[in-house]
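Read through the structure below, which is laid out as structure tokens, and then see the notes.
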Amino acid sequence: MKMSRALIPTLREDPKDAEVISHKLLVRAGFIRKVAAGIYTMLPLGLRTVGKLMALVREEMERAGAIEIQMPLVQPKELWTSSGRWELYGKELLRLKDRKDQEFCLAPTHEEVVTELIKNEVRSYRQLPLILYQIHTKFRDEIRPRFGLMRAREFLMKDAYSFDVSEACSMQAYQTMYSAYERIFRRIGLKFEVVEADTGTIGGSLSHEFQVLAPTGEDKIARCNGCKKAWNAELAPVAKPRFVMPGSPLPKEKVKTGDAATIEEVAVVLGLQPEQILKSLLIQTERGPYLAVVRGDRILSLPKFKRSLGLVEAELAQDLTGLPEGQIGPIGQAWPVVADYSVAGVQNGVAGANEPGYHWVNVNYALDFEAQTLADLTLAQEGDCCGVCQEPLSLSRGIEVGQVFCLGTKYSKPMEAVFLDADGNKKPTVMGCYGIGIGRTVAATVEQCHDDQGIRWPVSLAPFAVHLVLLDTRQSELVSLADSLYSALLAQGVDVLYDDREERPGVKFHDADLIGLPLRLTIGKKYKEKGLVEIKARDASFMEDMPPEDASKRIHAFLSQQGMANG
RNA sequence: CGGGGCGUAGCGCAGCCUGGUAGCGCACCUGCCUUGGGAGCAGGAGGCCGGAGGUUCGAAUCCUCUCGCCCCGACCA
């Protein structure tokens, strides 16, 4: 591609609305442009990068035995009522009506359509197993789209769905996809971690997330070096605190705390540490409200809460008590109380008095109140130990680029996607689903691969392998050399971006660094003076001058070596 | 959805408090000059100051409403 005829609008300054590095660089280097909040146009470089990733993903999907299809973005309401998710999905599901007032939604995911397809087309166990996949647009009306491609509303996703005759077979499909995902992210060249995860709105029994390690990641992950396991921090088992606070239990006493509502305010008013305050949260569930109690310095994990009570739905409830904020508590509470292990270790703590303006002090677990369930309910945090082996957990941040789920019969049962087994019995198919965020993976790659000057694409995703930079377009000798190198490389199947613009050298070098192709082939005065061209790796691993006829050999050597490193 | 911030030329910003002919840098166009790290000189073009209403002789500036964008927010019950 010749830059003089392409649309590669690079920017000298960071765009105002970008916060994270990948967003800034993808805009500045001319890969994407925003159309609306969370909605982007892919410019030529962005589209080529996405194309590289899609090709790689397709290759691994095919290798894993998955078959490509394409399902619609716009889907009828009935399909979503049949799975029960029309009501359940909430505002993220963008709903619309056609001219006949028929209701539709923009697909945030495709379980319904694919299950319906299998219901209609698969009758016999002989047609299974099956793994179908697509790479297609999804739409989720996020509360807060942000960070460019990282959390967009409209985005590309590779989603795959497996259909099997039994749990055991489904587990095999899960393993196959899990391995394919490992290969994909390894081939891209990313540092990532696979963590056990919650199943969220998708549902199901077992799930792993593929997390690209980056300080800007929105997810917290916890790894235990004892067990060699990793979890999303909201699921990581946390050991019971070993210490007990000093002193002996005192009789509880009601004190006036006025407007103090937050943990911090209450702590200040009473001159105590947050650890001594019991945080009570009212949780609405499908079995009615529960009062969850955790120590004031800890954060409740809703996934853990759901798991420990065997619940499907749980969200923070507002305004069920009519009490001002922060003044609810477990003592004399009508709702069932569920407490984190940390609560039992709090000696002479503080709890809301269920009465405006008052808190109880000297509250002690077992003496003053008791929980129906005592469990591990909080988000793992720095300093925690593993609940399985008691070794310390190490926390880091990740960008969730892929997730795999065992779905069981969550969709096939209600939607009656059944087959006949060898004995002629009707059985629901056992399903799994597997997603990779395409745009998010591109963004995550930039988060990991950049320097002060710009992006440093790995060969695997680079929109072009080589940036051919012609420094002086007025010297016909240089132009004809660059032109012939361009044609020669193209003929050898090398992707080349040719900077043939009438710009000064400084501009071209800066743009080349910003765009970040793996190799730069520079034609300039060194050729006039010594008959040499320059090859430089963007990652600064080498820079060499050589006669032009050696260039393509060197380029091929570099590319195949990189390919092997990650292949 | 709650809290905060910002909308002025393609991009990044100043001007607003204290109303009086709309500015700067980069980019863009023309010419000269320059070509291995975002050159220089000269000339030029480009704005319903997000939108609507109001106050005023007069509004980018003050007031009201609205739309868009960005940041923080489970909680601290």
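The values are calculated or read from the model by the stated rules, or taken from the named source; none is laboratory data. Keep in mind that what you see is a predicted model, and the values were worked out from it rather than measured. Ideal geometry is used to build each Cβ from the backbone, glycine not excepted, and the neighbour counts take in all protein chains shown.
Determine whether A:Ala371 is of a type in the set (A, V, I, L, M), assigned to a loop (DSSP other than H, G, I, E, B) and within 15 Å of RNA strand B (Cβ to nearest atom). Steps first, answer last, please.
Values: of a type in the set (A, V, I, L, M): yes; assigned to a loop (DSSP other than H, G, I, E, B): yes; within 15 Å of RNA strand B (Cβ to nearest atom): yes.
Yes; evaluated as a whole, the condition is true for this residue.
Among the charged types (D, E, K, R), touching a helix residue (DSSP H, G or I) at 6+ places or on another chain (Cβ under 7 Å) and within 28 Å of A:Glu447 (Cα to Cα): is that true of A:Lys158 in this structure? Steps first, please.
Details: among the charged types (D, E, K, R): yes; touching a helix residue (DSSP H, G or I) at 6+ places or on another chain (Cβ under 7 Å): yes; within 28 Å of A:Glu447 (Cα to Cα): yes.
For A:Lys158, the condition - among the charged types (D, E, K, R), touching a helix residue (DSSP H, G or I) at 6+ places or on another chain (Cβ under 7 Å) and within 28 Å of A:Glu447 (Cα to Cα) - is met.
Return yes or no: is A:Ser124 surrounded by fewer than 19 Cβ atoms within 10 Å (Cβ to Cβ), at pLDDT 95 or above, of a type in the set (Ser, Thr, Tyr) and away from RNA strand B (no atom under 16 Å from the Cβ)? Working first, answer last.
Working: surrounded by fewer than 19 Cβ atoms within 10 Å (Cβ to Cβ): yes; at pLDDT 95 or above: yes; of a type in the set (Ser, Thr, Tyr): yes; away from RNA strand B (no atom under 16 Å from the Cβ): yes.
When the stated conditions are applied, A:Ser124 passes them.
Looking at the stretch A:1-21, I want the residues that are near RNA strand B (Cβ under 7 Å from one of its atoms) and have a partner that is acidic (Asp, Glu) with Cβ atoms under 6 Å, at least 6 apart or on another chain. Which pairs are those?
A:Thr10/A:Asp511
Just give me the residues in the stretch A:73-109 being touching a His at 6+ places or on another chain (Cβ under 9 Å) and closer than 22 Å to A:Arg151 by Cα, in sequence order. I'd like the intermediate steps shown before the answer.
Going residue by residue through the stretch A:73-109, those that are touching a His at 6+ places or on another chain (Cβ under 9 Å) are A:73, A:75, A:107.
Selection gives A:Leu73, A:Ala107.
Could you pull out every one of the helices (runs of 4 or more DSSP H) wholly within the stretch A:29-89 that has 2 or more residues that are surrounded by 14 or more Cβ atoms within 10 Å (Cβ to Cβ) and among the charged types (D, E, K, R)? First the steps, then the outcome.
On the way: elements: A:44-63, A:77-83, A:85-88.
It comes to A:44-63.
So, A:Ser342, is that one within 27 Å of A:Gly383 (Cβ to Cβ), of a type in the set (S, T, N, Q), within 10 Å of RNA strand B (Cβ to nearest atom) and out of contact with any helix residue (DSSP H, G or I) (no Cβ under 8 Å at 6 or more places or on another chain) or not?
Working: within 27 Å of A:Gly383 (Cβ to Cβ): yes; of a type in the set (S, T, N, Q): yes; within 10 Å of RNA strand B (Cβ to nearest atom): no; out of contact with any helix residue (DSSP H, G or I) (no Cβ under 8 Å at 6 or more places or on another chain): yes.
Spelling it out, it is not the case that A:Ser342 is within 27 Å of A:Gly383 (Cβ to Cβ), of a type in the set (S, T, N, Q), within 10 Å of RNA strand B (Cβ to nearest atom) and out of contact with any helix residue (DSSP H, G or I) (no Cβ under 8 Å at 6 or more places or on another chain).
Residues that are free of Cβ contacts under 8 Å to residues at least 12 places away in the same chain and either assigned to a strand (DSSP E or B) or closer than 26 Å to A:Val446 by Cα (or both): does the stretch A:97-114 have at least one?
So the first thing to find is which residues in the stretch A:97-114 are free of Cβ contacts under 8 Å to residues at least 12 places away in the same chain, and the list is A:97-101.
The next check asks that each one be either assigned to a strand (DSSP E or B) or closer than 26 Å to A:Val446 by Cα (or both); those that pass are A:97.
Yes: one or more hits.
Specify which of the listed residues (A:Gly524, A:Gly516, A:Gly493, A:Gly531) is at pLDDT 95 or above, more than 25 Å from A:Lys24 (Cβ to Cβ) and within 36 Å of the chain's Cα centre (by Cα).
Numbers: A:Gly524 fails: within 36 Å of the chain's Cα centre (by Cα); A:Gly516 fails: more than 25 Å from A:Lys24 (Cβ to Cβ); A:Gly531 fails: within 36 Å of the chain's Cα centre (by Cα).
None of the others qualify; the one that does is A:Gly493.
When the residues of the stretch A:127-167 are filtered to those that are basic (Lys, Arg) and part of a strand (DSSP E or B), which remaining residue is modelled with the highest pLDDT? Steps first, answer last, please.
Of the stretch A:127-167, the ones basic (Lys, Arg) are A:138, A:140, A:144, A:146, A:151, A:153, A:158.
Those still in the list that are part of a strand (DSSP E or B) too: A:138, A:146, A:151, A:158.
Numbers: A:Lys138: 94, A:Arg146: 87, A:Arg151: 91, A:Lys158: 97.
Per the stated criteria, the residue is A:Lys158.
Here's the yes/no breakdown for (1) assigned to a loop (DSSP other than H, G, I, E, B); (2) at pLDDT 95 or above; (3) surrounded by fewer than 18 Cβ atoms within 10 Å (Cβ to Cβ); (4) touching a strand residue (DSSP E or B) at 6+ places or on another chain (Cβ under 7 Å):
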position: A:Ala173; (1), (2), (3), (4): no, yes, no, yes
position: A:Ser207; (1), (2), (3), (4): no, no, no, yes
position: A:Cys227; (1), (2), (3), (4): yes, no, yes, yes
position: A:Glu234; (1), (2), (3), (4): yes, no, no, no
position: A:Pro241; (1), (2), (3), (4): yes, no, no, no
position: A:Ser248; (1), (2), (3), (4): yes, no, yes, no
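Before we move on, is A:Lys508 under 39 Å from the mean Cα position of the chain (by Cα) and not hydrophobic (A, V, I, L, M, F, W, C)? Break it down into steps so the answer makes sense when it comes.
On the way: under 39 Å from the mean Cα position of the chain (by Cα): yes; not hydrophobic (A, V, I, L, M, F, W, C): yes.
When the stated conditions are applied, A:Lys508 passes them.
Quick check on A:Val442: is it modelled with pLDDT of 95 or more, touching a Pro at 6+ places or on another chain (Cβ under 6 Å) and more than 16 Å from RNA strand B (Cβ to nearest atom)?
Values: modelled with pLDDT of 95 or more: yes; touching a Pro at 6+ places or on another chain (Cβ under 6 Å): no; more than 16 Å from RNA strand B (Cβ to nearest atom): yes.
Answer is no for this residue.
From A:Lys279, A:Lys220, which residue is without any contact (Cβ under 8 Å) to a residue 24 or more places away in the chain, within 12 Å of RNA strand B (Cβ to nearest atom) and assigned to a strand (DSSP E or B)? Give the derivation first.
Working: A:Lys220 fails: without any contact (Cβ under 8 Å) to a residue 24 or more places away in the chain.
From the options A:Lys279, A:Lys220, the qualifying one is A:Lys279.
Please count how many residues of the stretch A:485-517 are of a type in the set (D, E, K, R), more than 6 Å from RNA strand B (Cβ to nearest atom) and touching a residue at least 24 places away in the same chain (Cβ under 8 Å).
Residues in the stretch A:485-517 being of a type in the set (D, E, K, R), more than 6 Å from RNA strand B (Cβ to nearest atom) and touching a residue at least 24 places away in the same chain (Cβ under 8 Å): 6 in total.
Has the stretch A:518-537 got any residue that is surrounded by fewer than 18 Cβ atoms within 10 Å (Cβ to Cβ), away from RNA strand B (no atom under 11 Å from the Cβ) and among the acidic types (Asp, Glu)?
no
Return yes when A:Glu265 is surrounded by fewer than 19 Cβ atoms within 10 Å (Cβ to Cβ), at pLDDT below 90 and part of a helix (DSSP H, G or I) and no when it is not.
Values: surrounded by fewer than 19 Cβ atoms within 10 Å (Cβ to Cβ): yes; at pLDDT below 90: yes; part of a helix (DSSP H, G or I): yes.
Yes.
I'm checking my understanding of the structure. Among residues of the stretch A:25-36 that are touching a helix residue (DSSP H, G or I) at 6+ places or on another chain (Cβ under 8 Å) and within 19 Å of A:Phe155 (Cβ to Cβ), which one is nearest to RNA strand B (Cβ to nearest atom)? Walk me through how you get there before you give the answer.
The initial filter retains those residues of the stretch A:25-36 that are touching a helix residue (DSSP H, G or I) at 6+ places or on another chain (Cβ under 8 Å), namely A:25-34.
So of that shortlist, the ones also within 19 Å of A:Phe155 (Cβ to Cβ) come out as A:25-27, A:31-34.
Working: A:Leu25: 11, A:Leu26: 13, A:Val27: 9, A:Phe31: 15, A:Ile32: 12, A:Arg33: 9, A:Lys34: 7 Å.
Among those residues, the one meeting the criterion is A:Lys34.
Which residues, counting only those in the stretch A:37-63, are within 16 Å of RNA strand B (Cβ to nearest atom) and free of Cβ contacts under 8 Å to residues at least 12 places away in the same chain?
At the first step, the residues of the stretch A:37-63 found to be within 16 Å of RNA strand B (Cβ to nearest atom) are A:37-41, A:43, A:45.
Passing the criteria: only A:Thr41.
Which condition does A:Glu315 not pass, out of (1) modelled with pLDDT of 85 or more; (2) not in a loop (DSSP other than H, G, I, E, B), if it passes all the others?
(1)
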